[in-house]
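Only one structure is covered here, and it is reproduced in the block below.
Here, each number is a calculation from the coordinates, and none is a lab measurement. Everything numeric here is computed off the predicted structure, so don't read it as measured data. A quick note on method: Cβ atoms are made from the backbone with ideal geometry, for glycine too, and the neighbour counts reach across all protein chains shown.
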Amino acid sequence: MSVTLDVQYEVEAGPDEDDIRRWVEAVLAAEKNTAKVELTVRIVGVDEITDLNTRYRHKTGPTNILSFPFDAPPGVELNLLGDLVIAAPVVVNEARQQHKTETAHWAHMVVHGTLHLLGYDHQAQAEAEDMEAREIRILHGLGYSNPYLLDEAS
């Protein structure tokens with residue numbers, strides 16, 4: 001498997017490119033995706049994620065991550081999975097609120113977003129359960145605990 005990764009930092013925060021690559025490769029390995037793929041991960045602030053969330057999801061306010069899968073036009077062969085846009089301040093705040101390490105929460109966001117780029121979704125209950133099970137399994141393989149179990153103290 002080969003990943004061409006473009007990491008863009010709009011803010012000075014977030015994991016380094018090696019960690020992001022490791023998390024993306026873990027998803028691809030778990031999904032038995034051996035194709036050469038390309039994706040962009042953009043780490044942004046609240047203003048940019050809020051603008052994108054409004055523009056593309058028609059929702060107000062910031063969110064933690066947005067996934068933009070690439071859908072090639074007929075006859076165009078590209079290995080581009082798409083783009084992930086992750087809001088650093090939101091991820092940091094969520095990690096604190098959920099009593100998780102920032103690294104574990106960043107890993108979860110990258111795994112979650114990469115699964116979206118591969119076509120997984122969580123709109124219906126069955127889809128959500130399948131996607132969450134995949135996330136839990138991949139994150140466990142990376143040494144992280146179940147991201148859906150909140151600290152009892154919270």
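Along the Cα→Cβ direction, 7 angstrom out, place labels at residue 32 and residue 99. What is the inter-label distance in nm?
3.9 nm
Based solely on its DSSP helices, what 222 nm [θ] is calculated for the chain when runs of n ≥ 4 H residues each add -39,500 (n - 2.57) and the sum is averaged over all residues, nearest 500 deg cm²/dmol?
About -14500 deg cm²/dmol.
Under 1.5 on a/c is rounded, so check that first for segment 1-92, then, if it is not, pick prolate when a/b is larger than b/c and oblate when it is not; a ≥ b ≥ c are the square roots of the alpha carbon gyration tensor eigenvalues.
Values: a/c = 2.34, a/b = 1.38, b/c = 1.70.
Oblate shape, in that a/c is at least 1.5 and b/c is the bigger or equal ratio.
Would you kindly derive the ³J(HN,Hα) couplings of segment 95-112 from the backbone phi angles with the Karplus curve 6.51 cos²θ - 1.76 cosθ + 1.60 (θ = phi - 60°), listing them in order in whole Hz, with x for Gly and Pro?
After applying 6.51 cos²θ - 1.76 cosθ + 1.60, I find 4, 5, 5, 8, 6, 10, 6, 4, 4, 4, 6, 4, 4, 4, 4, 5, 4, 4 Hz.
Going by the alpha-carbon gyration tensor, a ≥ b ≥ c the square roots of its eigenvalues, is the chain rounded (a/c under 1.5) or, if a/c is not under 1.5, prolate (a/b greater than b/c) versus oblate? It would help to have the intermediate numbers written out before the result.
On the way: a/c = 1.42, a/b = 1.18, b/c = 1.20.
Rounded.
Classify segment 55-107: rounded, prolate or oblate, from the alpha-carbon gyration tensor (a ≥ b ≥ c, eigenvalue square roots; a/c under 1.5 rounded; otherwise prolate if a/b is larger than b/c)? Show your work: numbers first, answer last.
Values: a/c = 5.15, a/b = 1.99, b/c = 2.59.
Oblate, since a/c reaches 1.5 and b/c is not below a/b.
Need one number: % antiparallel among DSSP beta bridges in segment 2-141, to the nearest 5. Could you put the intermediate results ahead of the total?
Details: 5 of 20 bridges.
Percentage antiparallel, nearest 5: 25.
With springs connecting C-alpha atoms under 10 Å apart, model the chain as a Gaussian network and identify which of 96, 55, 21 has the largest mean-square fluctuation.
Its mean-square fluctuation being the largest, the pick is 55.
Which of the GluC sites (Glu not before Pro) found in segment 1-45 are in a DSSP loop and have at most 13 neighbouring Cβ atoms, other than their own, within 10 Å?
Details: sites: 10, 12, 17, 25, 31, 38; in loops: 10, 12, 31.
Sparse-neighbourhood loop GluC sites (Glu not before Pro): 12.
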